[in-house]
Amino acid sequence: MKEKILIVEDEKRLAELHRDYLQQSGYTTEWLEDGLKVIPWVKEHAPVLILLDLMLPGKDGLEICKEIRSFSNVPIIMVTARVEEIDRLLGLELGADDYICKPFSPREVVARVKTVLRRSSPQTQDESQQLLTLDEDSYQAILQGLKLDLTAVEFKLLSILAQKPGRIYSRDQLMDRLYSDQRIVCDRTIDSHIKKLRKKIAIAAPEFEVIHSIYGVGYKYERL
Ligand code: CA
């Protein structure tokens, strides 16, 4: 059976663009333009992934995403009109798996869909866990058999990011999580800690580029 992707989009032209490119890549698609129809459809058809526009008639993407998360972990890619919106959405912790900003290239959408689907499969998670081991008690990180010499802050950052591969964290979110751990005392420059962490990873395993910065938004851990 082909994997069915649900496209929720009220602009017909965009929906058709998504549909054409996804179908060319071997997926089947369904298109809904009315926000109110989404939840019942998802409950009945169990799509493998949802491309969810933020601004919709009937019910907006925010509400839909929250509702879906109350009963399903189906991967959701949110589509927004403004890049500044992504920061706000991240702050709401909706549980979306990725964010795409309009205007987008249809090829990029297909690439993102593939990445999200790949990492939501259990196999990929096992694979990445074997490559990186984190021992929270001793602050020890082992990458492909090599011990990384990390500071407590770097260890904590790596562990926050690596626990949810692909999830994007804003600097504020990383800050909040670092400070919620009483053992960590640090200054407020996330960027410089990330920079040092990446350098240490690059030295231990040059091909293992896992910490990615998302311009204007924050950071994520992902093996691409
Ligand atoms: Ca819209």
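Only the coordinates and a few stated rules stand behind these numbers; no lab work does. These numbers come from a predicted model, not from an experiment. Cβ sites come from the backbone with ideal geometry, for glycine too, and all protein chains shown count toward neighbours.
Screening the chain for whole DSSP H helices of 27 Å or more along their axis (Cα) with average Kyte-Doolittle hydropathy at least -0.5 returns none. GNM on the chain, alpha-carbon springs under 10 angstrom: the most fluctuating residue among Ile160, Ile168, Ile86 is Ile160.
Given a Förster radius of 25 Å and the C-beta distance between Ser213 and Asp60 as r, what FRET efficiency does 1/(1 + (r/R0)^6) yield to the nearest 0.05?
Once the sixth-power term is evaluated, E becomes 0.30.
Cross-link check: pairs Lys37/Lys220; Lys12/Lys37; Lys12/Lys102; Lys199/Lys220; Lys164/Lys195 evaluated at a Cα-Cα cut-off of 23 Å; pairs beyond the cut-off: Lys37/Lys220.
Using the Karplus relation 6.51 cos²θ - 1.76 cosθ + 1.60 with θ = phi - 60°, the per-residue 3J(HN,Hα) values for the range 93-105 come to 6, 6, x, 6, 8, 7, 9, 10, 9, 7, x, 10, 8 Hz, with x marking Gly and Pro.
Once the Kirkwood radius over Cα pairs is known for the chain, the Stokes-Einstein relation at 25 °C and 0.890 mPa s delivers a diffusion coefficient of 131 µm²/s. Entry note, the range 4-120: relative contact order of 25 percent, from Cα contacts under 8 Å with a spacing of 6+ residues. Computed from the C-beta positions of Gln144 and Arg171 and an R0 of 45 Å, the FRET efficiency is 0.95 to the nearest 0.05. Helical runs (DSSP H, four residues minimum) scored at -39500 (n - 2.57) apiece and divided by the length of the chain put the mean residue ellipticity at 222 nm at -13500 deg cm²/dmol. Classification of the range 45-167 by its C-alpha gyration tensor yields a prolate form. The axis ratio a/c (a ≥ b ≥ c) is 1.5 or more, and a/b outweighs b/c.
With contacts taken as Cα pairs under 8 Å at a separation of at least 6 residues, the chain carries a relative contact order of 14 percent.
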